[in-house]
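Notes follow the structure.
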Amino acid sequence: MPELSQSTREALMSVGTSTLTGLLERRGLRNMCLQEVLPVRPELSRMVGLAFTMRFIPARWDRNTPGAPVRRNVQVQAMEECPPGHVLVIDARGDARAASAGDLYVGRLKARGCAGIVTDGGLRDSEGILRTGLPAYHRRPSSPPSPIVHQPVDLNLPIACGGVAVYPGDVIVGDCDGVVVIPPEMAEEIAREAVAATLYDEFAEEEIVRGRALPGLFPVAGDDAKRDFEAWKKARGR
């Protein structure tokens, strides 16, 4: 499995997904933000980790009845095999009629040191999930159990989630605005640029509060803004 350095992880934890999507767009990656996937609660912690994937297909009655042949429980396997520091990303085909997971599964991920869970379907037992403290993202709450709609079939293969291709080992970043996928080979460079862009945004916010106009400040910094930004950083030891 690929690794994510501690410095890159910390940098990505300090920047917004809005900044990351802009940097990805400049590199031609325009479909990296999961659509209609949001945090269970906006106040949940930010999330950074490598993708470990699970895929659902539609449930079929002859395969899910109590008398059906016993098969390995791929869903349980996912909770036991998602590596520490990784995010379990679930392809639920955008179908939230039944849950992708509930609080006990999420609690197990938390206990094992995983970084989060993401699905383009639904999650159940929202209050219990909140108590685990694990960052969790979904399309909407969904009370019915998974087997009503979903059959888990495989782990750690390329999937689609929220309309975005997700490969095992991709870097997954989540905040109150949503979830972004970063190719791992770009993560260090993008993290470094995102920290610099976030610092400039902090400067620009202060300038706007003071009454400065946008032209020459944002979205494109002119020479005056660049000079003032350097002075601002020096004055704050940044």
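Since every read-out is calculated from the coordinates, none of them should be taken as a lab result. All figures in this text were calculated on a predicted structure; none of them were measured in a lab. Glycine also receives a Cβ, built like all others from the backbone with ideal geometry; neighbour counts cover every protein chain displayed.
GNM remark for the chain: springs join alpha carbons under 10 Å apart, and the peak mean-square fluctuation among THR17, THR53, THR132 falls on THR132.
Exposure proxy ranking for TYR137, TYR200, TYR167, based on other Cβ atoms within 10 angstrom of each Cβ and starting from the fewest, stands as TYR167, TYR200, TYR137.
Once you've got the GNM for the chain with C-alpha springs shorter than 10 Å, pick whichever of THR198, THR119, THR21 has the biggest mean-square fluctuation. Sorting by GNM fluctuation, first place goes to THR198. Taking Cβ atoms as reference points and 15 Å as the exclusive limit, the residues near ARG236 contribute a net charge of -4, counting Lys and Arg as +1 and Asp and Glu as -1.
Between the C-alpha center of the range 120-159 and that of the range 24-65 there is a gap of 10 Å.
Close amide H partners of SER100, meaning residues 5 or more places away or on another chain with modelled amide H under 5 Å apart, are GLY122, LEU123, ARG124. In plain terms, the chain is cut at each of the GluC sites (Glu not before Pro) found in a DSSP loop with at most 14 other Cβ atoms within 10 Å, and the longest leftover piece is 44-238.
For each of MET47, MET186, count neighbouring Cβ atoms within 10 Å of the residue's Cβ, then give the residues from fewest to most.
MET186, MET47
Between amide H atoms placed 1.01 Å from N, distances below 5 Å from ASP170 occur with ALA51, all of them 5 or more places distant or on a separate chain. A Gaussian network model of the chain, with springs between Cα atoms under 10 Å, assigns the largest mean-square fluctuation among LEU23, LEU34, LEU50 to LEU23. Computed from backbone phi with θ = phi - 60° and the Karplus coefficients 6.51, -1.76 and 1.60, the 3J(HN,Hα) list for the range 188-203 is 5, 5, 5, 4, 5, 5, 5, 4, 5, 5, 5, 5, 5, 4, 4, 4 Hz; x is used for glycine and proline.
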